[in-house]
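Accompanying notes for the structure given below.
A short reminder: the numbers here are calculations on the coordinates, not readings from a lab. All figures in this text were calculated on a predicted structure; none of them were measured in a lab. Quick reminder, even Gly has a Cβ in these numbers, built from the backbone with ideal geometry, and neighbours come from all protein chains shown.
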């Protein structure tokens with residue numbers, strides 16, 4: 001085991017050996033194994049956005065087995081998906097790559113400015129499917145945020161008792177928050193802190209912008225001259241907000257975009273001390289060979305093989 005992975009695992013000494021072992025599974029798997037960096041393929045968009053919006057750009061992606069095979073071929077650290085997709089292929093693939101069971105999901109069949117995801121799986125499902133971790137989305141700023149926090153706390157206790165790591169998607173949104181505020185630097189840093197306080201072992205947030213949503217926060221940023229001018233500065237601040245970098249923070253890829261824009265974001269995450277990326281649509285919406293080339297470049301940037 002590399003010194004870097006030992007250092008990271010040392011931040012989680014309060015967890016039971018099963019949780020630490022499963023964190024090690026993800027940190028030591030794939031081409032980035034041992035580096036302390038992670039690239040994870042998440043495919044929850046079928047439930048979250050609908051099948052046509054998610055998979056029509058690359059029709060083989062309608063097949064749940066396609067995503068296991070893509071994550072394995074790309075040598076990602078892990079693959080994350082809801083219950084149905086994981087159940088469809090766990091018997092043949094779960095032993096070949098660490099998996100994360102997404103335990104709650106939200107659909108877009110009705111307009112909800114304050115979304116409340118449904119609990120769709122429990123930790124024992126993750127254990128049955130051979131997963132390394134269970135994942136859960138919270139929406140800080142939504143009307144029902146307290147219920148989500150309480151549900152996550154209960155889920156995390158049960159998962160950790162079974163030796164499963166806990167991954168939290170912390171995505172601020174709600175009727176009292178502006179659209180710009182969902183990716184504001186103060187809001188994203190706060191979302192990372194909330195996830196860490198709720199017991200997340202690994203935190204997923206969006207890449208923040210320079211915008212500041214809260215007037216009170218703006219005063220603090222200006223008074224203490226917190227650097228947020230560059231994407232790398234903002235990543236560094238978000239990581240700092242997750243227990244001074246003692247929790248693993250990775251950043252979502254978001255909607256499909258041009259390659260160079262994505263690669264610039266990956267460089268900013270790397271240079272700002274982020275732990276990696278969780279890239280779904282920018283991977284599986286491409287034809288397989290293009291996706292593999294794309295993920296190869298992302299991995300090489302994190303590995304330091306590309307400046």
Which of the following residues is in contact (Cβ under 8 Å) with a residue 12 or more places away in the chain, surrounded by 23 or more Cβ atoms within 10 Å (Cβ to Cβ), in contact with a helix residue (DSSP H, G or I) (Cβ under 9 Å, 6 or more places away or on another chain) and not in a helix (DSSP H, G or I): 212, 203? 203
What number of residues within the stretch 1-20 are surrounded by fewer than 12 Cβ atoms within 10 Å (Cβ to Cβ) and in contact (Cβ under 8 Å) with a residue 24 or more places away in the chain? 3
Give me a count of the residues in the stretch 92-119 that are farther than 23 Å from residue 21 by Cβ, touching a residue at least 40 places away in the same chain (Cβ under 8 Å) and assigned to a loop (DSSP other than H, G, I, E, B). 6
Across the stretch 247-272, which residue is farthest from residue 4 (Cα to Cα) among those that are in contact (Cβ under 8 Å) with a residue 60 or more places away in the chain and more than 16 Å from the chain's Cα centre (by Cα)? 256
Subset of the stretch 149-172 [on the phi < 0 side of the Ramachandran plot and outside any helix (DSSP H, G or I)]: 162, 164, 165, 166, 167, 168, 169, 170, 171, 172
Does the stretch 35-46 include one or more residues that are without any contact (Cβ under 8 Å) to a residue 60 or more places away in the chain, under 27 Å from residue 161 (Cα atoms) and not in a helix (DSSP H, G or I)? no
Kindly indicate whether any position in the stretch 122-130 is in contact with a strand residue (DSSP E or B) (Cβ under 8 Å, 6 or more places away or on another chain) and assigned to a strand (DSSP E or B). no
Looking at the stretch 184-199, which of the residues that are without any contact (Cβ under 8 Å) to a residue 40 or more places away in the chain and buried (at least 21 other Cβ atoms within 10 Å of the Cβ) is nearest to residue 211 (Cα to Cα)? 184
